[in-house]
Each structure stands twice: as structure tokens, then as C-alpha cells.
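The values are calculated or read from the model by the stated rules, or taken from the named source; none is laboratory data. Everything quoted here is computed from the prediction, not taken from an experiment. Neighbour counts run over all protein chains shown; Cβ positions are idealised from the backbone, glycine included. These area figures cover heavy atoms from the full protein model, side chains too; ligands, DNA and RNA do not enter into them. Shrake-Rupley method; radii C 1.70, N 1.55, O 1.52, S 1.80 Å.
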Amino acid sequence: MDIRTVELSERDPALVSAPRLVSWNVTARCPLRCGHCYIDAGEKPDERELSTGQGRALIDQLAAVGRPVLILSGGEPLLRPDIYELARYATDAGLPVAMGTGGTLVTDDVAARLAQAGVRKVAVSLDSVRPALHDRLRGVPGTWARAVAGIEALRRLGISVQLNTTIGLWNMEELDSIIDFGLARGIRDYQYFFLVPTGRGQALGDLPPHTYESTIERLLRAGRRPGVRLRPTCAPQFVRIASEMGLDTTAWGRGCLAGLSYCRIDPTGAVTPCPYLPLSLGNVLEQPFAEIWNGSPILAALRDPDALGGRCGQCDFRVSCGGCRARAFGANRPGGGCGTPSDATAGPGTYLAEDPGCPYEPGAPAARVMP
């Protein structure tokens, strides 16, 4: 689970090399069995997960680099008994702290402890306004009701809530309904994830490229509703489509943030460009985060738009979009799909290839007009 709309205004502009967002999968444990889980989370913890002391050391390393928003994710981060301690430690270190959760473990007491720990925003997964469908997608009966109760507990404590929705053929007609659901509860922030073939998600069918296009356009139109802040995720071509629609794209920044202003740290301390691109850049137990962030050859390649291949390398939007590097990796990886283990040996011809989810032909005229 990721949060891209957390306020970043307090970041020191002089720290040009610092990431803006760091997502830390604090555990691979989870009480749910979501079919699209990128980390293939389950009931058993990974014995290699960072300890409390190692987690504190990681936070110190991040604070030494700058003031990135630290997103505590999972699995289910609330299964870690030290999660409030880690959140408080990061807050005291000057890092804005957010959390991504399934919401089912959030009670009034949990919400109060999160507030006391300084957590500024909590993203709760909600894939449907229909309880039966959400429960089926999450693999556990009663998940929808508990997630909604968690959302309401967070709102009662005044904690900002974001709704995270994974888009598939199963909920294509509910994109506006989910926003209606959130607005009725005072929620402004929405993040719609386009499925990437990672973890258990490799078994699910992907949307056809032209369906991506039409769905992104629908989302961008929905995002113009009063009181709504919305970002499509894992579909970086939304920047091109927004430009074609005549929308101002400056607030969003680049379409794909992986390795430029964002990275992921897995439960064992391995750093990857994003959760869906399992290329290990190094491990914080063996190398300081600053050295990994500033010295990784893979990150250097991802930060060079002229290194992109295929249509992405020829595209006029290669700087503002960048294409989905995880989809390119999955399409070119032997056997297909992104996989779950880190694969540091993959060549640049995989993750720098053209994005197979984008049908755009470079140089094609704009075809959209915003009414």
C-alpha cells in the first residue's frame, strides 16, 4: 500500500538528493488473503524482518538523508507490536509518518495510539462499496465491515484518511461510487492502483492497454469533483492523458516516481525502486541508505530518461511519464511477471524497456478535449 498524496510542504528544498517518499514494508504478516497482494503476505512472519533496534537504525538513516514521508506498510503493519514505538521514533526524528493498512484491525484504541504516535495519514484499502465483493477480493468474510469501522474510528480521532483501491474488471463501474462513499465520510484523498503482475497478482488478468487509457480518463474526470484529490498509480501515462485533456499536471509531478523520489524497503531491509519492481539495490543492514540511494547504478539508469528503450525512449513524454518500469520488467523477465524475490541480476533491457501497458505511439496527435 502506498500513499502519494501526503503533504510534502515541510521538506527542505535544499536536500535535492533526498527521496520524497519511502515505503517500508515493516512485516509480511497479514490476516487477509488478497488475490492481488504484491508481497504475497501471509500468516507467518519472516524471521529476517528488521527488529525494533534495526528499524530505529533505518529511521536514523532516512533522517540523515532528508525528511522523506515514511509510509509504514505491510502486509499489515498493525500486526507489529512495536509499530507505535517505530512511528513515534520516526515522528520525533522529524519524518512525516503515514500508514497503509487493510483497516480491519483499527479500533478506537488503535486510532488513538496512532494519533499519539504522530501518524498523519492512514490509507485504508477499499476495493468496492459492495461488502460481498470487497470480502471476496480480500479473501476473508467480514473484511468490508471491519475496514469501514476502522475508517470511522480514524475519522473520529481526526486522522486524515485516504482510500486505496485496486482496479480490475471486477470493480470498473464503482470508481465514482467509491468517491461518493468517501466524500460522505469527509475523505478527500483517493489512490487508484492499476494491477501490476507481482506476487499473487501474477495469477490475475491484466487490463488491455486501451482499457487502461479509458479508465485513466474516467479517473481524471472524477478527480475534478470538488473536494477530491486523486492520483492514478502504476499507470504513469496518466500525465500524458491529463495533458491531452488540458489539465494542469504540475501538482502530480512525474508519472512514475520509482527511484526518482520514491523507493521501497522490504521487511528484511532490502531497498527496491518500488514495491512492484523487485530489483534489490542493496540492504540497509549492509550499506547505509544514503549510499544505496545516491550510488545505485540501477537508480542512475532509472533517473535517465534517455536510457529508456522502445517507444518509451522515443516518446515526447518520457521525462514527465517515464512509463511503468515494473510492467516493462515483468514483460521482459524470463517466465513473465515481476515475481516476488529480489532479482538484482536482471539486465537494463528488462526494466528500461517500453511499457507494454501503454498503447501510445510517439508523435501521435492529442485526441482528448476536456469539456
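The H on the amide N of GLY74, modeled in the peptide plane, is under 5 Å from the matching H of VAL26, each at least 5 residues off or on a different chain. In a fully extended conformation the segment linking ALA307 and ALA115 would gain 64.8 nm over its present Cα-Cα distance, using 0.36 nm per residue. Assuming charge only on the beta carbon of Lys and Arg (+1) and of Asp and Glu (-1), the dipole of the range 167-261 about its Cα centre is about 320 debye to the nearest 20. Given the options ARG224, ARG113, ARG88, state which has the largest fluctuation in a GNM of the chain using a 10 Å cut-off (strictly under) for Cα springs. Of ARG224, ARG113, ARG88, the Gaussian network model singles out ARG224 as fluctuating most. Near LEU195, the amide H atoms lying under 5 Å from its own belong to ILE167; only residues 5 or more places off or on other chains count, and H is placed 1.01 Å from N.
Mean sequence separation of contacting Cα pairs (under 8 Å, at least six apart), scaled by the length of the chain, corresponds to a relative contact order of 17 percent. Rounded to the nearest 20 debye, the dipole size of the chain about its Cα centre is 600 debye, using +1 on the Cβ of Lys and Arg and -1 on the Cβ of Asp and Glu. Under the membrane-span-like helix rule (DSSP H runs whose alpha carbons stretch at least 18 Å along the helix axis, mean Kyte-Doolittle hydropathy -0.5 or higher), the chain yields 52-65, 143-156.
Across the range 88-145, the mean sequence separation of Cα contacts (distance under 8 Å, 6 or more residues apart), normalised by length, yields a relative contact order of 33 percent. Tell me which of LEU32, LEU62, ALA307 sits at the most positive position along the dipole axis of the chain, charges placed on C-beta atoms (Lys, Arg +1; Asp, Glu -1). The residue sitting farthest along the positive end of the dipole is LEU32. Set against the labelled values (i) 157; (ii) 140; (iii) 127, volume of the Cα convex hull per residue in Å³ computed from this structure falls on (iii).
5 Å is the cut-off here: which amide hydrogens, built 1.01 Å from N in the peptide plane, fall below it relative to LEU279, excluding neighbours closer than 5 in sequence? When sequence neighbours closer than 5 places are left aside, the close amide H contacts are CYS274, ASP343.
Neighbours of GLY322 by Cβ distance under 12 Å: Lys/Arg scored +1, Asp/Glu scored -1, total +2.
Given 4 °C and 1.567 mPa s, compute D for the range 216-354 with the Stokes-Einstein relation, Rh being the Kirkwood radius over Cα pairs; round to the nearest whole µm²/s. Roughly 82 µm²/s, to the nearest whole number.
Rounded, prolate or oblate, given the Cα gyration tensor of the range 94-243, with a/c below 1.5 counting as rounded? Verdict is prolate for the range 94-243. Spin-label pair GLU43-ALA300: with each label point 7 Å from Cα along the Cα-Cβ axis, the two points sit 4.7 nm from one another.
Other residues whose C-beta falls under 14 angstrom from the C-beta of ASP304 contribute a net charge of +3, scoring Lys and Arg +1 and Asp and Glu -1. The range 207-274 and the range 103-179 have Cα centres lying 21 Å from one another. Taken along the Cα-to-beta-carbon direction at a fixed 7 Å, the label points for VAL319 and ALA57 span 4.1 nm. Can you give me the distance in nm between label points at ARG33 and GLU291, each placed 7 Å from the Cα along the Cα-to-Cβ direction? The two pseudo-label positions are separated by 4.3 nm. By a 1.4 Å probe calculation restricted to protein chains, HIS210 has an accessible surface near 140 Å², given to the nearest 10.
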